[in-house]
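Here's the structure, in structure tokens; my notes come after.
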Amino acid sequence: MKQARRLDNAPPYLFVEIEENIKKALAKGVDVINLGIGDPDMPTPYFVVRKMAEAIKNPIYHAYPEYDGCLEFRCAVAEHYKKRFGVDLDPETEVVALLGSKEGIAHIFFALVNEGDFTLVPDPEYPVYELATALTGGVPYHMPLTKENGFFPDLSTIPKEVIKRSKILFVNYPNNPTGAVADLEQFQKLVDFGLEHDIVVCNDNAYSEFTYDGIKAPSILNADNAKEIAVEFHSFSKSYNMTGWRLGFAVGNKEAISKLKKMKNNIDSGVFTAIQIAGIEALKGCEKFVEGMRKIYARRRDIAINELQKLGFEFEVPKGAFYFWIKVPDGYTSKSFADMLLEKTGVVVAPGRGYGEYGEGYIRISLTINDERLKEAFERIRKLGI
Ligand SMILES: *Cc1c(COP(=O)(O)O)cnc(C)c1O
């Protein structure tokens, strides 16, 4: 059977390949330690599960949900934004519920990008920006994130002809995979750029709650005039260990949000209302819960810093998210190093090349594993003697 041309454009999703390699190793009986995938290893908080158990019994929620999310959920998001970021949002026009943020991220490309248009995406990047661009027939322009530019795009190097034909710019701070965190001044630059060139500026803020050393991540909507051009995506997946629930939201510029809603209304029929009700509970109880999670990741981060230094690896200490972006030793590509590690140690890492051209020469490891297994992974790598 022939597939549609747009699917030919979509490169294979990186994590699918990793999963295949893990399956093969497991079949051989290898004790695999997976530092490759960023899926929190701890359960959803009990107060959220309890609310879900109660909500699912309510027949009102068994019907089709409201397309944009129930008003209660949108109001809770607005309240959360006020409290957490000091940003006012209109729940009617500036908030939409998502079936996980990946869904909304992909669909906003469909809502704004025509065939042949450019999209401005970071490199390395969360692969969805690239894949969604490919599926729309757009052309991704890669903004390099390097150690030299502090893992922040240098807008002055983007060619004028590209800017003219660009519809959307995507960033992701706190950043996966580099661990960089943007400050308000950097967000302001992006917003000013978007306003000057009429390019919708999106920040994927999935890791908003995970920052270290006293840093607090801002929202892009904290920048002046941001609501005229910016949209921000949030996910319950990482903040509240809810990857399997599929819940997120987008907020910001009402025109962009309305176009995203229009796209979604023609494809999905919204998030199960009971899940939204449980999500409200997560937002209400978030401060204390997230504080505890942050401490756990900070402890694992300390372990990784210490072990990586002892092993002589080159890396930046992540300011946010829960990944380490690590230079591979001389003589390896990111793929050959990852393959070698899996084969010789059973440790899975994500090859940086999967996040873009500028990811070549790096691997990403994730802190979503308990202290013992994390230490064991480093111990196995130490025994390799590289
Ligand atoms: C994990 C992750 C998400 C979350 O996706 P969901 O669809 O909400 O589970 C979004 N963006 C980035 C950069 C991520 O790493």
As a Kirkwood estimate from alpha-carbon pairs, region 263-330 has a hydrodynamic radius in angstrom of 15.6
Can you figure out the FRET efficiency of ASP39 with VAL317, using R₀ = 30 Å and their beta-carbon distance, to the nearest 0.05? 0.85
Which value in deg cm²/dmol, rounded to the nearest 500, describes the helix-derived mean residue ellipticity at 222 nm for the chain, given -39,500 (n - 2.57) per DSSP H run of n ≥ 4 and division by the residue count? -13000 deg cm²/dmol
Largest to smallest principal axis extent of the C-alpha atoms in region 96-232, angstrom: 43, 35, 28
Among the aspartates and glutamates, which fall within straight-line cross-link reach of LYS375, defined as a Cα-Cα distance under 15 Å, with same-chain neighbours fewer than 8 residues apart omitted? ASP31, ASP302, GLU307
Provide, in order from the shortest bin, the percent of all Cα-Cα pairs of region 211-278 in each 5 Å bin, continuing until the bin that contains the maximum pair distance. 3, 13, 17, 20, 20, 16, 7, 2, 1
For CYS75, what charge total do you get from the other residues with a beta carbon under 11 Å from its beta carbon, if Lys and Arg give +1 and Asp and Glu give -1? -2
Applying a 10 Å radius around every beta-carbon, put 254-266, 108-120, 16-28, 174-186 in order of their mean neighbour count, most first. 174-186, 108-120, 254-266, 16-28
With 0.36 nm assigned to each residue of separation and the Cα-Cα distance removed, ASN265 to THR333 gains 20.1 nm
Relative to the Cα centre, what is the charge dipole magnitude of the chain, using +1 at the beta carbon of each Lys and Arg, -1 at the beta carbon of each Asp and Glu, and rounding to the nearest 20 debye? 920
Once the dipole of the chain is set up with Lys and Arg at +1 and Asp and Glu at -1 on Cβ about the Cα centre, which of VAL231, PHE193, GLY279 lies farthest towards its positive end? GLY279
Would you mind checking LYS147/LYS264; LYS83/LYS261; LYS51/LYS167 for any pair whose Cα atoms are more than 29 angstrom apart? LYS147/LYS264; LYS51/LYS167
Does region 7-121 come out rounded, prolate or oblate by the C-alpha gyration tensor, with a ≥ b ≥ c the root eigenvalues, rounded set by a/c under 1.5 and, if not, prolate when a/b is larger than b/c and oblate if not? oblate
Hey, if you drop one equal point scatterer on each alpha-carbon of the chain and run the Debye formula without solvent, what base-10 log of I(q)/I(0) do you get at q = 0.09 Å⁻¹? -0.52
Rounded to one decimal in nm, the spacing of the 7 Å Cα→Cβ label points at LYS375 and GLU19 is 3.3
Just to confirm, what accessible area per residue do you get for the chain at 1.4 Å probe, in whole Å²? 45
Suppose R0 equals 41 Å. What FRET efficiency, 1/(1 + (r/R0)^6) with r the Cβ-Cβ distance, do GLU291 and GLN3 give to the nearest 0.05? 0.30
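The values are calculated or read from the model by the stated rules, or taken from the named source; none is laboratory data. Here the structure is a predicted model, which is why all the values come from computation and not from measurement. FYI the Cβ positions are ideal-geometry reconstructions off the backbone, even for glycines, and counts take in every protein chain you see. Note: accessible area is taken over every heavy atom of the protein model, side chains too, but ligands, DNA and RNA are not part of it. Shrake-Rupley method; radii C 1.70, N 1.55, O 1.52, S 1.80 Å.
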